[in-house]
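The values are calculated or read from the model by the stated rules, or taken from the named source; none is laboratory data. Small disclaimer: the values here were computed from a predicted structure and weren't measured. Neighbour counts are summed over all protein chains in view; Cβ atoms, including those assigned to glycine, are modelled from backbone coordinates with ideal geometry.
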Amino acid sequence: MSIRLGDTAPDFTAQTNEGSINFHEWLGESWGVLFSHPKDFTPVCTTELGEASRLKPEFDKRNVKIIGLSVDPADSHNKWAEDIKETQGHALNFPVIADADKKVSDLYEMIHPNANDTFTVRSVFVIGPDKKVKLTLTYPASTGRNFPEILRVIDSLQLTAKYSVATPVNWKDGDDVIIVPAVSDEAAKEKFPGGWKTLKPYLRVVPQPGK
Ligand code: BEZ
């Protein structure tokens, strides 16, 4: 059965290029991003791991741990890391699961047989500190992901977890947000004493709280 939003992220113990980890212990109190790659020594994956390494300080700032996965062994990941540093200008600075037995790929259904019956697709799971799955994304092997978009979604998830708001189309940190319909105008007066703009009774816009 596929993993759905709100499910507990399945726990596992796995080998990585940085040693063995228990996933839930490794996450601790942090948010997490688990993302899969079809294969070591492939071009798109090389660019993705370089970009994720470049953006690691941004994930750290948000209290998010990132971890990759591919179905190759740890010594292969370590050799590939040299190429990532050389070609992308950023050394690999987070663990990559060595899922040669496909245990984690199967657990998270990262292999989509109609796409490829051996390699994982580009899955992304964002996991909250409560270990619940907050976001899933699936990209084909031929399309590299947009890591700034993953950071943007995390900004939205962290904001909406804290305040009774939702984020509109193309929102980015600092933009106005939407008061969720479940909050009445009466309740909104208490939560947003600075006021808001009502475009429709169901569309109320307020400056981003906490800014
Ligand atoms: C890549 O990472 O470049 C890639 C991997 C598998 C299929 C196509 C592209």
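Points worth noting:
- Test: residue in region 77-88 that is at pLDDT 95 or above and under 20 Å from the mean Cα position of the chain (by Cα): no
- Considering the conditions (1) farther than 16 Å from residue 15 by Cβ; (2) surrounded by fewer than 16 Cβ atoms within 10 Å (Cβ to Cβ); (3) of a type in the set (D, E, K, R); (4) more than 15 Å from the ligand (Cβ to nearest atom), residue 65 is excluded by exactly one of them, (2).
- Strands (runs of 3 or more DSSP E) contained in region 1-65 and holding at least 2 residues under 20 Å from residue 112 (Cα atoms) and under 15 Å from the mean Cα position of the chain (by Cα): 31-36
- Test: residue 31 is touching a strand residue (DSSP E or B) at 6+ places or on another chain (Cβ under 6 Å), away from the ligand (no atom under 16 Å from the Cβ) and modelled with pLDDT of 95 or more: yes
- Residue match in region 35-45 (condition: free of Cβ contacts under 8 Å to residues at least 40 places away in the same chain, more than 12 Å from the ligand (Cβ to nearest atom) and under 14 Å from residue 147 (Cβ atoms)): no
- Considered as a group, the residues in region 97-143 that are among the charged types (D, E, K, R) and part of a loop (DSSP other than H, G, I, E, B) include one that is farthest from the ligand (Cβ to nearest atom), and that residue is 130.
- Residue in region 154-176 that is of a type in the set (A, V, I, L, M) and either modelled with pLDDT under 95 or within 16 Å of the ligand (Cβ to nearest atom) (or both) present: no
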